[in-house]
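Chemist: Dropping the structure in here first, questions after.
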């Protein structure tokens, strides 16, 4: 028996990812497929039904973009958006290079992971974090403290709140502040070197007594 603790407010996609990770840790050969089938069975949904749920999330993003008059590049990752209609001002891709794409964006909206947050800060791009849990609220609080954006729980977001949030971080003051903070960020190479130095210091044997 495999047990996984799930937050009551977690989205369908978050539950599927968590189950897939648990299956992967247990050595199951097809963790992504098995997690999708299990979630679909529990909800009484087939593959198309799960795609519809993801499609509703994407449709809400389309509506917000229409309200603020912006274009978007959406990284879908493992989400299934098959059957969702194409929209002229939106491009959906499997993955993106954060370091290459974020500097060209007016704003970034993401879940609040440590790496994605750092990439947004280095890019000098205002950020909206829609978090689910773990360390994500901490990173949302960090960008608020730095005055380069803000965050809220994803499940609390609405069309109106997302529209207001995006309009706010797209203002010139957030863009200027984000560019200032970017100049204070360490480069990835500097961070890697510093981390390696710290690890070597810890691993290095101390003087014998």
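The values are calculated or read from the model by the stated rules, or taken from the named source; none is laboratory data. Here the structure is a predicted model, which is why all the values come from computation and not from measurement. In this analysis, Cβ positions are derived from the backbone assuming ideal geometry, glycine residues included, and neighbour counts consider all displayed protein chains.
Chemist: What are the residues in region 96-105 that are in contact with a strand residue (DSSP E or B) (Cβ under 6 Å, 6 or more places away or on another chain) and assigned to a loop (DSSP other than H, G, I, E, B), if any?
Modeler: 96
Chemist: Please enumerate the residues belonging to region 106-142 that are crowded, with 18+ Cβ neighbours inside 10 Å, free of Cβ contacts under 8 Å to residues at least 60 places away in the same chain and part of a loop (DSSP other than H, G, I, E, B).
Modeler: 111, 112, 124, 125, 126
Chemist: Okay, next question. Identify, please: which residue in region 94-105 is touching a helix residue (DSSP H, G or I) at 6+ places or on another chain (Cβ under 7 Å) and in contact (Cβ under 8 Å) with a residue 24 or more places away in the chain and is, among those, surrounded by the most Cβ atoms within 10 Å (Cβ to Cβ)?
Modeler: If we take residues in region 94-105 being touching a helix residue (DSSP H, G or I) at 6+ places or on another chain (Cβ under 7 Å) and in contact (Cβ under 8 Å) with a residue 24 or more places away in the chain, then 98 is surrounded by the most Cβ atoms within 10 Å (Cβ to Cβ).
Chemist: Related question: For residue 151, are the conditions met, namely being more than 20 Å from residue 70 (Cα to Cα) and under 12 Å from the mean Cα position of the chain (by Cα)? Even if it seems obvious, please write down each step before you answer.
Modeler: Numbers: more than 20 Å from residue 70 (Cα to Cα): no; under 12 Å from the mean Cα position of the chain (by Cα): yes.
The answer is no for residue 151.
Chemist: Any residue at all in region 175-186 that's assigned to a loop (DSSP other than H, G, I, E, B), at pLDDT below 90 and over 24 Å from residue 75 (Cβ atoms)?
Modeler: Yes; the residues of region 175-186 include at least one that is assigned to a loop (DSSP other than H, G, I, E, B), at pLDDT below 90 and over 24 Å from residue 75 (Cβ atoms).
Chemist: Being free of Cβ contacts under 8 Å to residues at least 60 places away in the same chain and surrounded by 14 or more Cβ atoms within 10 Å (Cβ to Cβ) is the filter; apply it to region 152-163 and report the residue that is farthest from residue 132 (Cα to Cα). Reasoning before the result, please.
Modeler: The first filter runs over region 152-163 and keeps only residues free of Cβ contacts under 8 Å to residues at least 60 places away in the same chain, leaving 152, 156-158, 160-161.
Restricting the remaining residues to those that are surrounded by 14 or more Cβ atoms within 10 Å (Cβ to Cβ) gives 152, 157.
On the way: 152: 9, 157: 11 Å.
The selected residue is 157.
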